[in-house]
Amino acid sequence: MRKVVNPSICCVRSTTNSRAFAKIEYENGRLSICGVIGPMKNGNCRGSAGQCYEEIAAGTPAEGWTKEMLNKFVGIWVKWHLNDMRPYCEHQKELGWEDEASQNVTIYHYQLTDEARKKKEEAEKAALEALKKGAPFTPSKEQTMYATLPFNIKSIGKELNSVHYKPKTPLYTGDKGTTEIQTRGWIRYDEDPIGILCKPCPVCGYKYGTSWLREEVPQDVISWLFNLPSSTVKPAWV
């Protein structure tokens, strides 16, 4: 099934009459909705295209539409678009993992202090010198400790209190630096219990985010979408 609708009229760069169109497609249980604002014959558009539901929602309802209809349409768009690409199983959704996965967590990045780095290098150098001479080498507990310290580490959700590490200094433009924000859905469960990624479902064992699963769109949602008024204006493209 395929349908093109004209849900609103948008203001784009002081132009108040840019029509917004959305294409609704439903096939083999998969719902897809994409939009465009002010499509032109040359393939360009006056506004946004693709997942531009925020801009479409901010527009004035087109003829045959009400604000309530527009809001409901955008709500369905956000919730059910590409329903066959869900990272969670039905049990995980019931347990609220969908919302938990979107929660933000601060990741703290650290690097060895200058003193710890020096002692690490000294321990490694002592071992290498012994190897070169063919002499036995028995490291001290301190040498072993420093030699095994990684140069960089991160702490998830809490600051690290260690005399061997200091906040990481960004080395280049785009470097993560001292901190970054990640959602729980992008943090591996086997890396930290706060993570959701790869966390097994307690019911079926499916590990969150390891496949794309389909969540069935309710039939009343599909019926409502395809009962919307079709666009009376044929867009250049959508």
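The values are calculated or read from the model by the stated rules, or taken from the named source; none is laboratory data. Source: prediction; values computed, not measured. Cβ sites come from the backbone with ideal geometry, for glycine too, and all protein chains shown count toward neighbours. Just the protein is used for accessible areas: all its heavy atoms, side chains included, with ligands, DNA and RNA removed. Shrake-Rupley method; radii C 1.70, N 1.55, O 1.52, S 1.80 Å.
Result for the chain in a Gaussian network model with C-alpha springs under 10 Å: among 184, 214, 46, the largest mean-square fluctuation is at 46.
GNM, the chain, Cα, under 10 Å: largest mean-square fluctuation among 102, 32, 223? Between 102, 32, 223, it is 223 that shows the largest mean-square fluctuation.
Suppose we look only past 20 Å in the calculated P(r) of the stretch 132-215. What percent of the Cα-Cα pairs does that tail hold? Mind showing how you got there, number by number?
Numbers: 2062 of 3486 pairs.
In whole percent, the long-distance tail amounts to 59.
Ranking 134, 155, 103 by how far each Cα lies toward the positive end of the dipole of the stretch 85-177 (charges on Cβ) leaves 134 at the top. Of the accessible area of the chain, computed with a 1.4 Å probe over protein heavy atoms only, carbon and sulfur atoms account for 51 percent. For the stretch 38-138, a simple Cβ point-charge model (Lys and Arg +1, Asp and Glu -1, everything else neutral) yields a dipole of about 480 debye relative to the Cα centre. Listed values for the stretch 86-92 are Karplus-derived 3J(HN,Hα) couplings in whole Hz (6.51 cos²θ - 1.76 cosθ + 1.60, θ = phi - 60°), namely 9, x, 10, 8, 4, 5, 5, and x replaces Gly and Pro. What number comes out for the charge environment of residue 208, summing +1 per Lys or Arg and -1 per Asp or Glu over other residues with Cβ under 15 Å away? Around residue 208, the charge tally is -3. Close amide H partners of residue 18, meaning residues 5 or more places away or on another chain with modelled amide H under 5 Å apart, are 10, 12.
Each residue of the stretch 228-237 was assigned a 3J(HN,Hα) from its phi angle through the Karplus curve 6.51 cos²θ - 1.76 cosθ + 1.60 (θ = phi - 60°); the sequence is 5, x, 5, 5, 7, 10, 7, x, 4, 6 Hz, with glycine and proline shown as x. Determine the sum of side-chain charges near residue 39: Lys and Arg each +1, Asp and Glu each -1, restricted to other residues whose C-beta is under 9 angstrom from that of residue 39. Result for the neighbourhood of residue 39: +3. Annotation: amide H-H contacts under 5 Å for residue 206 (H modelled 1.01 Å from N, sequence separation of 5 or more, or interchain): 201. Taking the chain as a Gaussian network of alpha-carbon nodes connected by springs under 10 Å, the highest mean-square fluctuation of the residues 219, 103, 51 belongs to 219.
In the context of the full protein assembly, residue 11 retains an accessible surface of approximately 90 Å², using a probe radius of 1.4 Å and ignoring ligands and nucleic acids. Shown are 173, 148, whose ranking by accessible area with a 1.4 Å probe and every protein chain present, most to least, is 173, 148.
Out of every Cα-Cα pair that the stretch 1-103 contains, those further apart than 25 angstrom amount to 30 percent. In the stretch 24-180, Cα pairs under 8 Å separated by at least six residues give a relative contact order of 21 percent.
How much area per residue is accessible in the chain when the probe is 1.4 Å and only protein heavy atoms are counted (Å²)?
On the way: 14490 Å² over 238 residues.
I get 61 Å² per residue for this part.
Amide H contacts of residue 52 (H built 1.01 Å from N, in plane; Pro and chain starts excluded): 35 sit under 5 Å, all sequence-distant by 5 or more or on other chains. Working note: Karplus 6.51/-1.76/1.60 with θ = phi - 60° gives the stretch 162-172 the couplings 8, 6, 8, 10, 9, x, 5, 9, x, 9, 7 Hz, where Gly and Pro are set to x. When Kirkwood radius over Cα pairs in Å is calculated for this entry, the matching label among (i) 18.8; (ii) 22.7; (iii) 23.9 is (ii). Centre-to-centre, using Cα atoms only, the stretch 189-205 and the stretch 11-87 are separated by 35 Å.
Of the residues 166, 141, 67, ranked by 1.4 Å probe accessible area with the largest first, the sequence reads 141, 67, 166. For residue 183, the accessible area of its heavy atoms, probed at 1.4 Å with every protein chain present, is near 40 square angstrom.
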